[in-house]
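Student: This is the structure I have questions about; it appears just below.
The values are calculated or read from the model by the stated rules, or taken from the named source; none is laboratory data. Here the structure is a predicted model, which is why all the values come from computation and not from measurement. Here the Cβ positions follow ideal geometry from the backbone for every residue, glycine too, while neighbour counts run over all protein chains shown. Protein only, heavy atoms only, side chains kept; ligands, DNA and RNA dropped before computing areas. Shrake-Rupley method; radii C 1.70, N 1.55, O 1.52, S 1.80 Å.
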Amino acid sequence: MALPGFRDFYPADCAFRNAIFAKWRDVAHRYGFVEYDGPPLEPLDLFTKKSGQEIVTQLYNFTDKGEREVALRPEMTPTLARLVTARHKDFKKPLKWFSIPQVFRYERQQKGRLREHYQFNCDIIGEAGLEADIELIALVIDTLRAFGLTEKDFVVRLSDRQFWTDFMNERNVPEEERYAVIQAIDKSEREPREKTAEKLGRLATEVFAILDDAGSAKSERLDTVETGLRYRGLPDYVKRDFTVVRGLAYYTGVVFEVFDRSGEFRAIAGGGRYDNLLKNLGEVDLPALGFGMGDVVLGEILKGNGWSPHHGQSGVYVVIADEDYRAQAMKIVQELRLQIFDEAVDYSLQPSKVGKQFQTAEERVFEFAVVVDSQVTDGIVEVKVLATRQQTKVAIENVYSHLMEKRGERYRRG
RNA sequence: GCGGCCGUAGCUCAAUGGUAGAGCUCCAGAUUGUGGUUCUGGCUGUUGCGGGUUCGAGCCCCGUCGGUCGCCCCA
């Protein structure tokens, strides 16, 4: 039994997960992002420096055998910040980097939320212009579209953290009250209005006016972002929503969260601009923005949509019809394994009835069977297309080319 | 950290307080060298764990662990 909040990945689960990873990588590459990675275990203070001591209650942390205080990473951004800070002069800006780390949180699990998950992280570093924000949001949209999701399935709720900062500046909200205001706005959707109003005090009327009618608030940044997305043909995927502020204190500009349209799940992804984070963590001052998308909520949505990795027929099952010729069969197996690309060539490890071997081949969705029997002494095997049950005698040296020819016929038939 | 619901075979679930069962899966055979059907047979349980009540507990009570959903918190 896996620990609470941790998952086992049986082959089908692993195939599903890997198919998600493959899509993530595919889209990121198409957007010109390059992959990086870092250690799952980090010094504890890497996280407390950014988020304060209170984050420790949410961390898997312990003292290692060298008396170091360490923690399993709860997010990738601090690691990314360290990597970039250490060697930023080695890279041309802007950096477009992505990663698929497994991240960990020590908290009670609930729907869509475990103690570990894989999080697709995409960040652009060293570009202050809004073109980067547009690029990043387009990427999050196209990532979900790559899974067959459409504007009917999800929406990117767009907001502007800077707008709220300006708002509070203009009304002279004291520094120490600001985080509470942001928190109140963040929770306003889930709490009774009176409670939020109480928290907001004198700001309540104005804030509610903005939350109720996002169009009433002016944000040139959002105007620009929306225009940019329109140019890219993606306007139907976004909606202005100033309740989105993101819990974290370090966001500075455009922020966004992606939700399923049904409202059944928690956020699919979230991110935004954090221009001051690198400066605050180290000596390097670079603007930055990014998003994270977890495999758990996405996986639940995809399962609900019936999405699954394609697993058509492929590979070759070598049927040993006569145990006397197992040695010859092994020679064929090994030759095919050298010739074939990225597909299984398998056989029964133990003597087994022919019918049983075919059954195995079929259950495992092989495309071809190669039957080895006494004819092998004349250099002949039977090649069978499992789907059509069509069987042909083929000289051993021609097996591979015969298989490829058969496959070509299948594709030509469509 | 707090609360609701739930914990019986690998899976889905039955069993009035009275000898723990079924379906599916899996394995084997029917079928001696060619397929997902069918039929037959077989394996699998400290009823999550520990205590209590009772002549007797899967069932009732307490605790605990785990699952699930929500809260807190937070992506």
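Student: Could you give every pair whose Cβ atoms fall below 7 Å, whose first residue belongs to region A:372-384 and is at positive phi, and whose second residue is open to solvent by 40 Å² or more (accessible area, probe 1.4 Å), counting only separations of at least 6 or pairs across chains?
Tutor: A:Gly379/A:Ile396
Student: Within region A:218-271, can you find the residues that are open to solvent by less than 60 Å² (accessible area, probe 1.4 Å), more than 11 Å from A:Val155 (Cα to Cα), among the small types (Gly, Ala, Ser) and within 15 Å of RNA strand B (Cβ to nearest atom)?
Tutor: Across region A:218-271, the qualifying residues are A:Gly247, A:Gly270, A:Gly271.
Student: In region A:31-50, which residues are under 22 Å from A:Leu114 (Cβ atoms) and free of Cβ contacts under 8 Å to residues at least 24 places away in the same chain? Lay out the reasoning, then the answer.
Tutor: Let us first name the residues in region A:31-50 that are under 22 Å from A:Leu114 (Cβ atoms), namely A:37-42, A:44, A:47.
Correct list: empty.
Student: Just to verify a result, which residue in region A:342-381, among those that are of a type in the set (S, T, N, Q) and farther than 23 Å from A:Ser401 by Cα, is nearest to RNA strand B (Cβ to nearest atom)?
Tutor: A:Gln359
Student: Within region A:285-297, which residues are more than 15 Å from the chain's Cα centre (by Cα) and either within 11 Å of RNA strand B (Cβ to nearest atom) or open to solvent by 10 Å² or more (accessible area, probe 1.4 Å) (or both)?
Tutor: A:Asp285, A:Leu286, A:Pro287 - these are the residues of region A:285-297 that are more than 15 Å from the chain's Cα centre (by Cα) and either within 11 Å of RNA strand B (Cβ to nearest atom) or open to solvent by 10 Å² or more (accessible area, probe 1.4 Å) (or both).
Student: Is region A:316-328 home to any residue that is small (Gly, Ala, Ser), modelled with pLDDT of 90 or more and open to solvent by 50 Å² or more (accessible area, probe 1.4 Å)?
Tutor: Checking region A:316-328: at least one residue is small (Gly, Ala, Ser), modelled with pLDDT of 90 or more and open to solvent by 50 Å² or more (accessible area, probe 1.4 Å).
Student: Right, another one. Give region A:385-403 a look and list any residue that's β-branched (Val, Ile, Thr) and either in contact with a Pro (Cβ under 7 Å, 6 or more places away or on another chain) or free of Cβ contacts under 8 Å to residues at least 60 places away in the same chain (or both), or say none.
Tutor: Within region A:385-403, A:Val385, A:Thr388, A:Thr392, A:Val394 qualify.
Student: Consider region A:1-22. How many of its residues are away from RNA strand B (no atom under 16 Å from the Cβ), of a type in the set (Phe, Trp, Tyr) and surrounded by fewer than 15 Cβ atoms within 10 Å (Cβ to Cβ)?
Tutor: 1
Student: Would you check if there is a residue in region A:23-35 being of a type in the set (D, E, K, R), open to solvent by 40 Å² or more (accessible area, probe 1.4 Å) and within 16 Å of RNA strand B (Cβ to nearest atom)?
Tutor: no
Student: Working only within region A:361-414, note down all residues that are β-branched (Val, Ile, Thr) and under 18 Å from A:Gly312 (Cβ atoms).
Tutor: A:Val365, A:Val385, A:Thr388
Student: Within the bounds of region A:162-174, is there any residue that is among the acidic types (Asp, Glu), within 32 Å of the chain's Cα centre (by Cα) and in the same structural domain as A:Arg273 (by TED's automatic domain parsing)? Break it down into steps so the answer makes sense when it comes.
Tutor: We begin by selecting, within region A:162-174, every residue among the acidic types (Asp, Glu); these are A:166, A:170.
Filter once more, so that each one left must be within 32 Å of the chain's Cα centre (by Cα): none.
Scanning region A:162-174, I find no residue that is among the acidic types (Asp, Glu), within 32 Å of the chain's Cα centre (by Cα) and in the same structural domain as A:Arg273 (by TED's automatic domain parsing), so the answer is no.
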